[in-house]
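S.K.: Take this structure first; my questions come after.
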């Protein structure tokens with residue numbers, strides 16, 4: 001993942017502005033958080049034995065989740081209640097709510113955590129929320145059904161997909177204006193930025209591809225096609241992706257094709273496929289990157305993969321329709 | 001003619017038209033709408049957009065859209081004019097259009113008779129319009145297709161389910177978006193076979209469409225291993241002398257069956273069959289479990305977003321015919337985008353080609369069958385306010401595409417273009 005700039009003083013100030021006492025600093029518990037769309041809760045797993053530590057009740061339809069820079073708080077977009085819940089990682093309790101526009105799905109922080117960029121599925125817009133003030137400070141029209149959001153490491157550029165318009169919108173963060181549109185495959189969903197900042201990878205769910213964009217030119221330079229054993233091209237619906245800290249490997253979930261693919265980021269070659277559960281969408285790596293977690297939305301479980309051997313070691317049942325997995329690292 | 005450089009320009013600055021700034025309203029107070037902040041002007045003058053006009057034809061007095069039937073929400077009837085969906089289709093298209101420099105629009109012609117519509121489409125053809133959506137009954141659709149056969153035009157059938165249109169009466173210049181009777185019957189019987197409810201009592205109404213539906217169910221039963229116990233006629237009447245055919249309990253007595261299939265394309269008789277049958281059995285077909293191209297309650301594959309956009313635009317729920325009209329526009333827009341052209345031939349070739357993938361919000365990517373120009377698609381099995389299953393059901397396999405287990409497959413087609 002991108003390296004995080006930790007600004008403890010800034011965070012403490014933010015938190016006291018919330019009216020909260022500054023929680024104990026959570027130094028990478030390794031706890032695994034899984035949002036469950038239909039049971040409206042988050043399953044917290046212990047990384048040592050995958051036992052369920054807690055079920056955190058959230059607002060309705062929790063989907064995307066993000067930690068703040070020092071991992072003291074976990075933010076969850078709750079699509080049916082139009083709110084982002086804020087969870088204290090030390091106590092595993094919801095401590096605050098940030099109102100959003102209709103049906104927030106995916107969001108991303110500015111590098112200093114002061115702003116949230118969130119896609120509003122029902123409203124065809126990207127909203128910019130001031131985290132401290134809990135106020136919408138900007139709104140940018142997008143194509144219909146925006147989903148994936150990512151912010152460049154320098155905070156200057158925001159990318160958002162429009163699922164219906166088959167494109168990636170490029171937004172200048174400072175002026176809050178749309179500066180470019182990049183046509184990709186059918187139904188683009190999610191992003192991954194390479195750590196060197198040069199490439200933006202986009203999953204095109206319905207054309208079964210991943211489009212790789214050169215950020216300097218905003219052109220698609222590669223299109224990856226996947227075909228795991230036993231499945232047809234039409235079954236391959238890539239959604240979530242994760243990149244290793246050194247940027248060498250990208251893992252791509254293949255949705256209805258029930259596999260994840262491992263891609264060599266430099267050569268763009270698909271190294272292998274691993275069979276997981278039903279409709280794999282979410283993926284996350286443990287802090288040491290030896291374990292990978294994949295959420296299977298239609299088998300209501302999480303597949304645990306031992307990365308060195310690329311084998312699934314266990315499947316843990318969680319809530320109904322697990323969506324996103326995040327690790328407290 | 002589209003200029004190459006319009007598509008070569010992937011960098012279109014849309015700051016003026018697409019970005020909205022807002023003064024920060026405090027959400028702790030009341031919800032005041034955000035004020036718009038003036039935006040910097042576009043840095044480059046955008047090239048003028050190429051207009052791509054599509055046509056839409058319908059009959060003004062079309063009995064299929066009788067208001068009483070719509071109000072009763074009879075599942076096999078439309079809820080309103082499918083033209084209502086084109087607003088959503090064009091609005092979705094506009095975002096793409098802005099980027100590629102194409103101005104998509106649709107013009108509606110509501111005619112008193114087919115001759116008026118033929119004249120209108122011929123006039124469109126002179127203007128360079130190539131793609132038309134047709135909401136017409138089967139005979140009029142064929143008349144239109146024949147009148148336009150020598151022109152560069154492609155007609156999208158959004159409302160006529162007759163199998164002959166995809167078979168012996170097929171026309172090369174028609175693409176069928178709405179599913180055929182055969183596809184609907186296949187979807188339903190797959191479900192019945194899947195559940196092992198294999199003995200089917202069929203009730204057949206007096207209309208031509210009813211007979212076609214029965215033929216489709218008989219074919220499906222043979223394909224998927226179900227058994228038609230008997231086909232019995234029904235009549236919508238209060239005449240006591242015809243009670244054997246109008247009284248549901250009587251017409252469903254003296255037989256052994258797992259389900260009652262009602263072949264009733266009008267829908268009014270079928271409406272009163274559930275819970276009136278002699279034996280306690282599920283009702284399927286035109287009431288009870290109804291196969292359909294779309295349903296307003298479909299929850300997966302992004303459907304709620306489409307349904308909600310439609311409801312906002314049309315002020316009512318979305319039905320199968322609406323979905324078909326929306327999908328037709330989407331197919332044209334996708335083909336223009338990916339073929340990088342607004343000329344008829346390249347767009348038509350892409351529409352009929354192997355690379356077309358339309359997101360119809362039913363999960364599988366949609367494309368056009370080469371042998372009869374039917375759009376292959378999942379079918380939803382619906383009850384009043386829910387979707388119970390989506391066909392093709394798991395386990396029904398096909399050599400190339402599972403969607404082709406629904407409808408007439410290539411080796412069996414009677415269509416010869």
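The values are calculated or read from the model by the stated rules, or taken from the named source; none is laboratory data. These figures come from a predicted structure and were not determined experimentally. Backbone-built Cβ (ideal geometry, glycine too); neighbour counts: all protein chains shown.
S.K.: Select from segment A:85-104 the residues that are crowded, with 22+ Cβ neighbours inside 10 Å and at pLDDT below 95 and write down the one among them that is farthest from residue A:147 (Cα to Cα).
M.R.: Checking each candidate, the answer is A:100.
S.K.: What's the number of the only condition in (1) within 11 Å of chain A (Cβ to nearest Cβ); (2) in a helix (DSSP H, G or I); (3) over 24 Å from residue B:193 (Cβ atoms) that residue B:299 fails to meet?
M.R.: (2)
S.K.: If you go through segment B:276-298 one residue at a time, do you hit one that is without any contact (Cβ under 8 Å) to a residue 24 or more places away in the chain and farther than 22 Å from residue B:161 by Cα?
M.R.: Kept after step one, since they are without any contact (Cβ under 8 Å) to a residue 24 or more places away in the chain, are these residues of segment B:276-298: B:280, B:296.
Now narrow it down to the ones that are farther than 22 Å from residue B:161 by Cα: B:280.
Checked against the condition, which is being without any contact (Cβ under 8 Å) to a residue 24 or more places away in the chain and farther than 22 Å from residue B:161 by Cα, segment B:276-298 yields at least one hit.
S.K.: Spot the failing condition for residue B:120; the list is (1) more than 27 Å from residue B:294 (Cα to Cα); (2) free of Cβ contacts under 8 Å to residues at least 12 places away in the same chain, and only one is missed.
M.R.: (2)
S.K.: Is segment B:208-222 home to any residue that is more than 23 Å from residue B:378 (Cβ to Cβ) and buried (at least 19 other Cβ atoms within 10 Å of the Cβ)?
M.R.: Scanning segment B:208-222, I find at least one residue that is more than 23 Å from residue B:378 (Cβ to Cβ) and buried (at least 19 other Cβ atoms within 10 Å of the Cβ), so the answer is yes.
S.K.: On the given criteria, is residue B:160 in a helix (DSSP H, G or I) and either surrounded by fewer than 24 Cβ atoms within 10 Å (Cβ to Cβ) or within 21 Å of the chain's Cα centre (by Cα) (or both)? Give the steps one after another, and end with the answer.
M.R.: Working: in a helix (DSSP H, G or I): no; either surrounded by fewer than 24 Cβ atoms within 10 Å (Cβ to Cβ) or within 21 Å of the chain's Cα centre (by Cα) (or both): yes.
So residue B:160 does not fit the description; no.
S.K.: To continue, here is another question. What number of residues in segment A:266-295 are under 19 Å from residue A:191 (Cα atoms) and buried (at least 21 other Cβ atoms within 10 Å of the Cβ)?
M.R.: Within segment A:266-295, residues that are under 19 Å from residue A:191 (Cα atoms) and buried (at least 21 other Cβ atoms within 10 Å of the Cβ) number 11.
S.K.: Any residue that is farther than 17 Å from residue A:288 by Cα, touching a residue at least 60 places away in the same chain (Cβ under 8 Å) and buried (at least 20 other Cβ atoms within 10 Å of the Cβ) - is there at least one of those in segment A:44-60?
M.R.: Taking every residue of segment A:44-60 in turn, none turns out to be farther than 17 Å from residue A:288 by Cα, touching a residue at least 60 places away in the same chain (Cβ under 8 Å) and buried (at least 20 other Cβ atoms within 10 Å of the Cβ).
S.K.: Hey, another quick one. When residues of segment A:237-263 are filtered for being farther than 18 Å from residue A:323 by Cα and either in a loop (DSSP other than H, G, I, E, B) or within 14 Å of chain B (Cβ to nearest Cβ) (or both), how many remain?
M.R.: Total meeting the criteria: 5.
S.K.: Looking at (1) surrounded by fewer than 24 Cβ atoms within 10 Å (Cβ to Cβ); (2) more than 28 Å from residue A:233 (Cβ to Cβ), which is the one condition that is false for residue B:284?
M.R.: (1)
S.K.: Yes or no: segment A:156-171 includes at least one residue that is closer than 27 Å to residue A:36 by Cα and surrounded by fewer than 19 Cβ atoms within 10 Å (Cβ to Cβ).
M.R.: no
S.K.: For segment B:311-343, which positions are within 27 Å of residue A:120 (Cα to Cα) and part of a loop (DSSP other than H, G, I, E, B)?
M.R.: B:315, B:316, B:317, B:318, B:319 - these are the residues of segment B:311-343 that are within 27 Å of residue A:120 (Cα to Cα) and part of a loop (DSSP other than H, G, I, E, B).
S.K.: In segment A:264-281, which residues are assigned to a strand (DSSP E or B), under 17 Å from residue A:311 (Cβ atoms) and touching a residue at least 24 places away in the same chain (Cβ under 8 Å)?
M.R.: Within segment A:264-281, the subset assigned to a strand (DSSP E or B) is A:264, A:270-275, A:280-281.
Remaining after also requiring under 17 Å from residue A:311 (Cβ atoms): A:271-275, A:280.
Selection gives A:272, A:273, A:274, A:275, A:280.
S.K.: Give segment B:122-132 a look and list any residue that's in a helix (DSSP H, G or I) and out of contact with any strand residue (DSSP E or B) (no Cβ under 6 Å at 6 or more places or on another chain), or say none. Outline the logic, then answer.
M.R.: Taking segment B:122-132 first, the residues in a helix (DSSP H, G or I) are B:122-127.
Passing the criteria: B:122, B:123, B:125, B:126, B:127.
S.K.: May I ask you to verify whether residue B:236 is more than 14 Å from chain A (Cβ to nearest Cβ) and either under 23 Å from residue B:73 (Cβ atoms) or in contact with a helix residue (DSSP H, G or I) (Cβ under 6 Å, 6 or more places away or on another chain) (or both)?
M.R.: Numbers: more than 14 Å from chain A (Cβ to nearest Cβ): yes; either under 23 Å from residue B:73 (Cβ atoms) or in contact with a helix residue (DSSP H, G or I) (Cβ under 6 Å, 6 or more places away or on another chain) (or both): yes.
Yes.
S.K.: Scanning for something surrounded by fewer than 24 Cβ atoms within 10 Å (Cβ to Cβ), more than 13 Å from chain A (Cβ to nearest Cβ) and closer than 19 Å to residue B:300 by Cα, does segment B:390-405 turn up at least one residue?
M.R.: yes
S.K.: Name the residue, out of B:142, B:188, that is closer than 27 Å to residue B:328 by Cα, free of Cβ contacts under 8 Å to residues at least 60 places away in the same chain, in contact with a strand residue (DSSP E or B) (Cβ under 9 Å, 6 or more places away or on another chain) and assigned to a helix (DSSP H, G or I). Show your work before the answer.
M.R.: On the way: B:188 fails: free of Cβ contacts under 8 Å to residues at least 60 places away in the same chain.
Answer to the selection: B:142.
S.K.: Continuing with the same structure: For residue A:229, are the conditions met, namely being surrounded by fewer than 24 Cβ atoms within 10 Å (Cβ to Cβ), part of a loop (DSSP other than H, G, I, E, B), at pLDDT 95 or above and more than 12 Å from chain B (Cβ to nearest Cβ)? Even if it seems obvious, please write down each step before you answer.
M.R.: On the way: surrounded by fewer than 24 Cβ atoms within 10 Å (Cβ to Cβ): yes; part of a loop (DSSP other than H, G, I, E, B): yes; at pLDDT 95 or above: no; more than 12 Å from chain B (Cβ to nearest Cβ): yes.
When the stated conditions are applied, residue A:229 does not pass them.
S.K.: Please find, within segment B:344-362, the residue that is nearest to the other protein chains (Cβ to nearest Cβ) out of those that are assigned to a loop (DSSP other than H, G, I, E, B) and either buried (at least 23 other Cβ atoms within 10 Å of the Cβ) or under 19 Å from the mean Cα position of the chain (by Cα) (or both). It would help to see each step written out before you state the result.
M.R.: Our first condition is that a residue be assigned to a loop (DSSP other than H, G, I, E, B); within segment B:344-362, this holds for B:353-357, B:360-362.
Still in the list and also either buried (at least 23 other Cβ atoms within 10 Å of the Cβ) or under 19 Å from the mean Cα position of the chain (by Cα) (or both): B:356-357, B:360-362.
Details: B:356: 10, B:357: 5, B:360: 9, B:361: 9, B:362: 11 Å.
Of everything passing the filter in segment B:344-362, B:357 is nearest to the other protein chains (Cβ to nearest Cβ).
S.K.: Please go through segment A:204-216 and pick out each residue that is more than 9 Å from chain B (Cβ to nearest Cβ) and either without any contact (Cβ under 8 Å) to a residue 60 or more places away in the chain or farther than 14 Å from residue A:159 by Cα (or both).
M.R.: Restricting attention to segment A:204-216, the residues satisfying the condition of being more than 9 Å from chain B (Cβ to nearest Cβ) are A:204, A:209-216.
Selection gives A:204, A:209, A:210, A:211, A:212, A:213, A:214, A:216.
S.K.: May I ask you to verify whether residue A:234 is facing chain B (nearest Cβ under 7 Å), part of a helix (DSSP H, G or I) and in contact with a strand residue (DSSP E or B) (Cβ under 9 Å, 6 or more places away or on another chain)? Lay out the reasoning, then the answer.
M.R.: Values: facing chain B (nearest Cβ under 7 Å): yes; part of a helix (DSSP H, G or I): yes; in contact with a strand residue (DSSP E or B) (Cβ under 9 Å, 6 or more places away or on another chain): yes.
Yes; evaluated as a whole, the condition is true for this residue.
Residue-by-condition table, conditions (1) under 26 Å from residue B:406 (Cβ atoms); (2) modelled with pLDDT of 95 or more; (3) part of a helix (DSSP H, G or I):
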residue	(1), (2), (3)
B:250	no, no, yes
B:256	no, yes, no
B:266	yes, no, no
B:279	no, yes, no
B:291	yes, yes, no
B:305	yes, no, yes
B:309	no, no, yes
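S.K.: Tell me the residue from B:376, B:317 that is more than 21 Å from residue B:96 (Cβ to Cβ), modelled with pLDDT of 95 or more and within 11 Å of chain A (Cβ to nearest Cβ), please. Break it down stepwise before answering.
M.R.: On the way: B:317 fails: within 11 Å of chain A (Cβ to nearest Cβ).
Checking each option against the conditions leaves just B:376.
S.K.: Mind counting the residues in segment B:332-344 that are in contact (Cβ under 8 Å) with a residue 60 or more places away in the chain and in contact with a helix residue (DSSP H, G or I) (Cβ under 9 Å, 6 or more places away or on another chain)? Step through it out loud before you land on a result.
M.R.: Within segment B:332-344, the first condition is being in contact (Cβ under 8 Å) with a residue 60 or more places away in the chain, and the residues that meet it are B:332-333, B:336-337, B:340-344.
When the remaining residues are screened for being in contact with a helix residue (DSSP H, G or I) (Cβ under 9 Å, 6 or more places away or on another chain), the result is B:332-333, B:336-337, B:340-342.
Result for segment B:332-344: 7.
S.K.: Report the residue count in segment B:280-313 for those that are in contact with a helix residue (DSSP H, G or I) (Cβ under 9 Å, 6 or more places away or on another chain) and more than 25 Å from residue B:180 (Cβ to Cβ).
M.R.: 3
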